[in-house]
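Undergrad: Mind having a look at this structure? Questions to follow.
The values are calculated or read from the model by the stated rules, or taken from the named source; none is laboratory data. Not measured: the values here are computed from a predicted model. Positions of Cβ are backbone-derived with ideal geometry, glycine not excepted, and every protein chain shown enters the neighbour counts. Surface accessibility is based on the protein's heavy atoms, side chains included, excluding ligands, DNA and RNA. Shrake-Rupley method; radii C 1.70, N 1.55, O 1.52, S 1.80 Å.
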Amino acid sequence: LLLAWHPLHHCWHLIWHPVRLNWLSLKRTENIMSITRCASSSILPLLLAVAAIIISSSSVHSQQFQQPPPSQPLGDVLFQLLDKDKNQKVTLDEVNSQLNMLEMMFNPVEGAGGDDSGNDEANEYKQLLSGVKSAAPTLFNLLDVNNNQSLSKSELAHVTKFEKALKKGGGMRELLRDVFSILDENADELLSVEEIMDGSANDQVITKLSTRVHELFPLRSDADELKDFVTSTIESIAGDGAVVDKESVAKGMKWVDDDGDGHISKKEVAKYYNLAGKKFMEISKTIKQLGPMLAMFGGMDMNGGGGDGFKMDL
């Protein structure tokens, strides 16, 4: 602005002084109007140039202040958030502590007024968190590549890969379709209690599933090392710690079996996969936005411690 003002100020004097002298000496209206037009035609381009510089500069600075900084990868943020003692590793106790804190945050206040819409949403998150808590030990062991009972930053980076896999073209959709097809022995596009039970005990099925999982998530040196994880994942349908029998598997299938026909269809799997995926992406977005700030205050310890779109059709 100063660079533009100096020549403007100089030109103003060059133009204004002759105009002032002529104004005093010339009396005829025609000459006055001629001089005025001359002065206006000389100053106007300079004023427009200065205005353009001011507007351009203001726009650039506005964009710089309004544009949010890029978010960190989910795995990096989780590492900051979960590592409460800042010793560059995350233990299962730290994971459980933070999950307990999250669960408490969604507990409805007793006697609170108003409608139940907020509590309904909170209950959905609590149900999702409950599932995560049940699976936490298995997932922890899966991510613990070097089996040292703690997770490093590089090991938690696999969570970022999982998030990317949920997005369109990320591979999770195709993986789930293949898993369904492998378990569906009679190819009727329905999973029965017997097929799920047989799948958890059939080594050939487990090998196929492990190989497919390893292709998308190479968490071990070879697919055989993922067999225990795949087996426990199938058995988890019966419930945490439950005996894997026909009754327990049938009971575990009910939350997906919307029509109550005793089978799981592709449509039912897609519905709950989409629901869980959307919730995961919403939570992921919140964690990436607030996680770094919470990590600065020691995570979410109450005791004072340290667009994307999502849609799948099977």
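Undergrad: Going residue by residue through segment 240-257, is there one that turns out to be over 16 Å from SER200 (Cα atoms), loosely packed, with under 14 Cβ neighbours inside 10 Å and in contact with a strand residue (DSSP E or B) (Cβ under 9 Å, 6 or more places away or on another chain)?
TA: No; the residues of segment 240-257 include none that is over 16 Å from SER200 (Cα atoms), loosely packed, with under 14 Cβ neighbours inside 10 Å and in contact with a strand residue (DSSP E or B) (Cβ under 9 Å, 6 or more places away or on another chain).
Undergrad: Which count do you get for residues in segment 124-147 that are closer than 19 Å to ASP222 by Cα and assigned to a helix (DSSP H, G or I)?
TA: The qualifying residues number 6.
Undergrad: Taking only segment 284-300 into account, find how many residues are part of a helix (DSSP H, G or I) and at pLDDT below 85.
TA: So the answer is 7.
Undergrad: Which of the residues that make up segment 198-214 are under 19 Å from LYS254 (Cα atoms) and either more than 34 Å from the chain's Cα centre (by Cα) or of a type in the set (Ser, Thr, Tyr) (or both)?
TA: Of everything in segment 198-214, those that are under 19 Å from LYS254 (Cα atoms) and either more than 34 Å from the chain's Cα centre (by Cα) or of a type in the set (Ser, Thr, Tyr) (or both) turn out to be ASP198, SER200.
Undergrad: Turning to a different aspect of this structure: Could you list, ordered by first residue, the pairs with Cβ atoms under 9 Å in which the first is in segment 140-154 and at positive phi and the second is among the β-branched types (Val, Ile, Thr) and assigned to a loop (DSSP other than H, G, I, E, B), at least 6 apart or interchain?
TA: GLN149/THR91
Undergrad: I'd like to verify a number: residues in segment 148-169 that are part of a helix (DSSP H, G or I) and either open to solvent by less than 90 Å² (accessible area, probe 1.4 Å) or of a type in the set (S, T, N, Q) (or both), how many?
TA: Qualifying residue count for the region: 11.
Undergrad: Which one is farthest from ASP85 (Cα to Cα) among residues in segment 267-300 that are open to solvent by less than 50 Å² (accessible area, probe 1.4 Å) and basic (Lys, Arg)?
TA: Once the filter is applied, the top-ranked residue is LYS279.
Undergrad: Go through the residues of segment 88-95 one by one and say whether even a single one is open to solvent by 50 Å² or more (accessible area, probe 1.4 Å), out of contact with any Asp or Glu (no Cβ under 8 Å at 6 or more places or on another chain), polar (S, T, N, Q) and modelled with pLDDT of 90 or more.
TA: So far as segment 88-95 goes, yes, one or more of its residues are open to solvent by 50 Å² or more (accessible area, probe 1.4 Å), out of contact with any Asp or Glu (no Cβ under 8 Å at 6 or more places or on another chain), polar (S, T, N, Q) and modelled with pLDDT of 90 or more.
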